[in-house]
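A quick write-up on the structure given underneath.
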Ligand SMILES: [Zn+2]
């Protein structure tokens, strides 16, 4: 996810480039399991302090259902708008001192937002951070609330089945403990003997 912005940096404020992304992000973050490529649209806009990168991206991730722990596919959208600053002056190649930077103070200290000396702008770290921001706190099996668009873990079919099974077990609570454990009732008499305190 690297872009050479040498030409763009030479252009006037307002100049822009648009890219369609279709990137493999398997190695982006060890904690993420992408199920497909990162796709979408990236606009690089020449601004006074450097380049404003605006991304509207999507990726499908494998997450764990918050109820049954089965893997589920969750599509996340990754939207960001970050200004990158050049490390060197595009005309002279001279390293720019922080005092020369015109922009937000927080952008100045963020190494992820530097355009390097070879004029490469790398959005990887910005994308990585924004994917994590888009990952739902609780993922859930194949049910998404049509209104909120967020997944409802309590709608997990396996979870509902588990709940109804435990409700059934409560209703028919007359089972002997051995029946519940799947022990042949014919052995139960022997087991009862085994449990009796032995006379020394
Ligand atoms: Zn589930």
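Rule-based calculations on the coordinates, nothing more; no lab input. This one's a predicted model, so the numbers in the text were calculated from it and none came from an experiment. Every residue, glycine among them, receives a Cβ derived from its backbone with ideal geometry; neighbour counts consider all protein chains shown.
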| Extended-chain gain in nm, criterion 0.36 nm per residue less alpha-carbon gap, residue 41 and residue 155 | 37.7 nm
| request: Just need the relative contact order of the range 15-138 here, percent rounded to a whole number, with Cα pairs under 8 Å and 6+ apart. | output: 19
| Arranged from highest to lowest average of other beta-carbon atoms within 10 Å per residue, in what order do the peptides 16-27, 128-139, 42-53 appear? | 42-53, 128-139, 16-27
| Using mean Cβ contacts within 10 Å as the protection proxy, how do 90-98, 75-83 order, highest first? | 75-83, 90-98
| request: Using a Förster distance of 41 angstrom, determine the FRET efficiency expected from the C-beta separation of residue 29 and residue 94, and round it to 0.05. | output: 0.75
| query | How many percent of the alpha carbon pairs in the range 1-48 exceed a separation of 16 Å? | reply | 51
| query | Given labels modelled 7 Å from the Cα in the Cβ direction, how far is it in nm from residue 110 to residue 165? | reply | 4.7
| request: Sort the range 1-103 into rounded, prolate or oblate with this rule: let a ≥ b ≥ c be the square roots of the eigenvalues of the Cα gyration tensor; rounded if a/c is under 1.5, and if a/c is not under 1.5, prolate when a/b is larger than b/c, oblate otherwise. | output: prolate
| To the nearest 0.05, what FRET efficiency results for residue 6 and residue 132 with a Förster distance of 45 Å applied to their C-beta separation? | 0.90
